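Participant: For reference, the structure I am asking about is given below.
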Amino acid sequence: MGPWSALKRARGFGAATLLAAILAIGPAHARDKGIEVDAELVFGVDISYSMDRVEQELQRDGYVKALTSPNFLNALKSNAIGKVAIAYMQWASYQDQDLLLDWTVISSPESARAAADKLANAPYRRARRTSISGAIDAANRLFDDNGFRGARQIIDISGDGPNNDGRPVTQARADALARGVTINGLPLVGIREYLGPADIKDLDIYYEDCVIGGPDAFMISIRNASNFVDATRNKLVREIARAPSRPNPLVQRAQAKEPRISCMIGENLWRNRWGN
């Protein structure tokens, strides 16, 4: 007898019997829902005012070219299912996130090209403040009832500054990690020569100690424009690979130790900027 039949039979009986039938439906029904994929990935990209047009184009172009690269498509084919679900989200302040690409299945060169073309043709915009915590929280919500069942759920955060808006980034990270989500990073370190009052020199250390985390979490620092596409492609391949790739000196793993830098440095810089 199936769970829906059990519920029908439970009608007219006591509340305890009805509750038991409902509970029997919930998990079983949830397991039956969703398209099976190897991984669910949210790409969260920084569009704060510190990201000039050059950085934004580098960031977007990195994902466009990574999605259509032979390395990525070969890694995709080598997986058990051969499908991933991706979403591309822009973020700035804690309340400012929008989807340029809603959940999309990538399972072939054609579907990869269609997704890449949509991203390439989307408009650019910039907005105020930098909330990595807002990006993580918004990305975390995107996994809820998204229609997919992935063996892994991954949030990618790329940006050029520390959190300075919304709740502390470590709180958002803890909530994501509690549900088994992995957070990987792609910090832009030194792409711009000028360091503004809300920027930090050691953004790679900040990302490593305060942002990334979860199963097999890692980050790749972007230190010049020429390696942006390569770094994005290598990160994407590593995320969907069935087994860990060979050691890469550019890859920093999440550290299980006390932060070497204050995880509230961005908030402190923002307050000092306005004399608070």
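The values are calculated or read from the model by the stated rules, or taken from the named source; none is laboratory data. Please read these numbers as outputs of a predicted model, since none were measured by experiment. Please note: Cβ atoms are built from the backbone with ideal geometry, for glycine as well, and neighbour counts cover all protein chains shown.
Participant: What is the one condition in (1) under 14 Å from ASP46 (Cα atoms); (2) at pLDDT below 95 that SER133 does not satisfy?
Facilitator: In the conditions (1) under 14 Å from ASP46 (Cα atoms); (2) at pLDDT below 95, SER133 misses (2) alone.
Participant: Being buried (at least 18 other Cβ atoms within 10 Å of the Cβ) and either touching a Phe, Trp or Tyr at 6+ places or on another chain (Cβ under 9 Å) or not charged (D, E, K, R) (or both) is the filter here, so list the residues in the range 209-228 that pass it.
Facilitator: CYS210, VAL211, ILE212, GLY213, GLY214, ALA217, PHE218, MET219, ILE220, SER221, ILE222, PHE228
Participant: A follow-up question, please. Might you let me know whether the range 73-93 holds any residue that is at pLDDT 90 or above, touching a Pro at 6+ places or on another chain (Cβ under 9 Å), in a helix (DSSP H, G or I) and not charged (D, E, K, R)?
Facilitator: yes
Participant: I'd like to verify a number: residues in the range 242-276 that are modelled with pLDDT of 80 or more and in a loop (DSSP other than H, G, I, E, B), how many?
Facilitator: 7
So that you can scan it fast, the table gives a plain yes or no per residue for (1) under 23 Å from LYS33 (Cα atoms); (2) within 17 Å of the chain's Cα centre (by Cα):
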position: ALA87; (1), (2): yes, yes
position: TYR94; (1), (2): no, yes
position: VAL105; (1), (2): yes, yes
position: ARG113; (1), (2): no, no
position: LEU119; (1), (2): no, yes
position: THR130; (1), (2): no, yes
position: ALA135; (1), (2): no, yes
position: ALA138; (1), (2): yes, yes
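Participant: While we're on this one: Do the conditions hold for ILE136, that is, is it of a type in the set (Val, Ile, Thr), buried (at least 20 other Cβ atoms within 10 Å of the Cβ), outside any helix (DSSP H, G or I) and in the same structural domain as GLU55 (by TED's automatic domain parsing)?
Facilitator: no
Let's see how each residue does on (1) surrounded by fewer than 19 Cβ atoms within 10 Å (Cβ to Cβ); (2) assigned by TED's automatic domain parsing to the domain that holds GLN95; (3) not basic (Lys, Arg):
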site	(1), (2), (3)
ILE132	no, yes, yes
ASP145	yes, yes, yes
ARG152	yes, yes, no
ILE155	no, yes, yes
ASN164	no, yes, yes
ARG179	yes, yes, no
ASN184	no, yes, yes
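Participant: Those residues that are modelled with pLDDT under 90 and either under 17 Å from the mean Cα position of the chain (by Cα) or of a type in the set (Lys, Arg) (or both), I need them from the range 57-72; list them, please.
Facilitator: GLN59, the sole residue that qualifies.
Participant: Can you pull out every residue in the range 139-148 that is in contact with an Asp or Glu (Cβ under 9 Å, 6 or more places away or on another chain) and within 14 Å of LEU99 (Cα to Cα)?
Facilitator: Selection gives ALA139, ASN140, LEU142, PHE143, ASN146.
For (1) of a type outside the set (Lys, Arg); (2) within 17 Å of GLN97 (Cα to Cα); (3) without any contact (Cβ under 8 Å) to a residue 40 or more places away in the chain, each residue gets a yes or a no:
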residue: PRO109; (1), (2), (3): yes, no, no
residue: ILE132; (1), (2), (3): yes, yes, no
residue: GLY190; (1), (2), (3): yes, no, yes
residue: ILE200; (1), (2), (3): yes, no, no
